[in-house]
1. When segment 134-148 is examined, which residues are found to be within 17 Å of residue 275 (Cα to Cα), surrounded by fewer than 19 Cβ atoms within 10 Å (Cβ to Cβ) and at pLDDT below 85?
2. I'd like to know if segment 85-98 contains one or more residues that are crowded, with 20+ Cβ neighbours inside 10 Å, without any contact (Cβ under 8 Å) to a residue 60 or more places away in the chain and either over 17 Å from the mean Cα position of the chain (by Cα) or over 24 Å from residue 270 (Cβ atoms) (or both).
3. Just checking, does segment 190-212 include any residue being among the small types (Gly, Ala, Ser) and in contact with a Ser or Thr (Cβ under 7 Å, 6 or more places away or on another chain)?
4. Return the only residue of 234, 151, 158 being at pLDDT below 80, within 28 Å of residue 105 (Cα to Cα) and not aromatic (Phe, Trp, Tyr).
5. Let me spell it out: the conditions are (1) under 23 Å from residue 164 (Cα atoms); (2) among the aromatic types (Phe, Trp, Tyr); (3) surrounded by fewer than 24 Cβ atoms within 10 Å (Cβ to Cβ), and residue 50 meets all of them except one. Which number is the exception?
6. Within the group 227, 131, which residue is small (Gly, Ala, Ser), over 21 Å from residue 71 (Cβ atoms) and either outside any helix (DSSP H, G or I) or in contact (Cβ under 8 Å) with a residue 40 or more places away in the chain (or both)?
7. Within segment 153-206, work out how many residues are under 14 Å from the mean Cα position of the chain (by Cα) and either loosely packed, with under 14 Cβ neighbours inside 10 Å or of a type in the set (Asp, Glu) (or both).
8. Which residue is nearest to residue 181 (Cα to Cα), if the candidates are limited to segment 20-47 and must be surrounded by 15 or more Cβ atoms within 10 Å (Cβ to Cβ) and charged (D, E, K, R)?
Amino acid sequence: MEATKKNLLILHLTVFVWGFTGVLGKVISIDAVPMVWYRVLIAATTLFAWFLLTKKDIKITKKQFIQFFLTGGIVAVHWIFFFHAIKVSTVSVTLVCLSSFTLFTAILEPLIKKQPIQMGDILIGLLIILGIYMIFKFEGQYTLGIIFGLLAAVASSLFSTINSTLVQKSEPSIIGFYELVGALFWITLYRLYDGSLLHTHFNLSVKNWCYLILLGTLCTSVAYVAGVAVMRTLSAFRVALITNLEPVYGIVLAFIFFQNKEQMTGGFYIGATIILASIFLYPIYKKRKNKL
């Protein structure tokens with residue numbers, strides 16, 4: 001019982017930290033692509049150091065390496081779209097749009113795993129679409145941010161669905177490490193192509209370096225390992241329900257840090273409430289359905 005309480009606290013703290021990434025994305029004064037490049041570089045290095053300290057064997061097969069490496073590219077796209085959405089809109093708009101992850105998972109998972117789409121998933125999806133429509137209607141000035149937030153949700157849904165299959169045969173921390181390495185490779189390749197990496201001198205401000213280190217270590221590698229560890233004692237339902245608090249924590253933190261800049265119209269809050277209510281109802285619906 002004590003272990004469960006401890007892991008519940010760890011999970012809440014982990015989700016809170018994930019919610020904090022939106023705030024960091026706003027305060028770091030560099031573009032989304034270099035920001036994600038620094039993030040995965042720091043996170044991969046931190047995880048590798050952790051593996052060395054714990055003397056963990058990280059050998060994998062060639063097939064696994066290719067799978068993780070390619071999935072890392074999708075992870076990179078997700079983070080780039082996510083932070084770009086924050087740059088061109090607000091943290092609140094981006095996090096609410098990212099919550100549509102549930103909708104896209106309900107569509108993509110059956111397609112990828114060749115399973116039938118459930119009627120309940122469609123109904124939850126329609127509610128989320130209604131919420132997104134409300135936000136589009138009342139926050140038209142953030143259209144670009146909404147689009148990139150939704151694209152980030154699609155990418156997140158895609159790599160999460162792939163990982164749900166990969167994790168059946170490989171350890172999550174190993175998957176995470178090689179996906180981070182893959183993400184670093186693909187972003188580096190892109191930055192070499194557009195020439196931006198050739199002009200990178202690592203001469204960022206002290207404030208930016210502090211925020212980036214916090215983003216790469218606490219918000220990425222540490223939070224990832226902690227989030228995986230609690231799954232050994234907590235049910236998938238409980239983990240899913242608490243993870244849905246990420247946009248709530250993120251929006252509250254955005255209000256605390258940015259105040260008036262995060263003020264929205266009444267229509268936004270109606271749409272956000274519909275979306276957040278839907279994602280909280282989803283795991284409850286899935287649990288009851290599985291009992292039938």
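1. Across segment 134-148, the qualifying residues are 136, 137, 138.
2. No, the conditions are met nowhere in segment 85-98.
3. Looking through segment 190-212, none of the residues is among the small types (Gly, Ala, Ser) and in contact with a Ser or Thr (Cβ under 7 Å, 6 or more places away or on another chain).
4. Values: 151 fails: at pLDDT below 80; 158 fails: at pLDDT below 80.
None of the other options fit; the residue is 234.
5. (1)
6. Details: 227 fails: over 21 Å from residue 71 (Cβ atoms).
Unique residue meeting the criteria: 131.
7. The total comes to 1.
8. Looking at residues that are surrounded by 15 or more Cβ atoms within 10 Å (Cβ to Cβ) and charged (D, E, K, R), I get 39.
The values are calculated or read from the model by the stated rules, or taken from the named source; none is laboratory data. All values derive from a computational prediction rather than experimental measurement. All Cβ positions, even for glycine, are placed from backbone atoms using ideal geometry, and neighbour counts span all protein chains on display.
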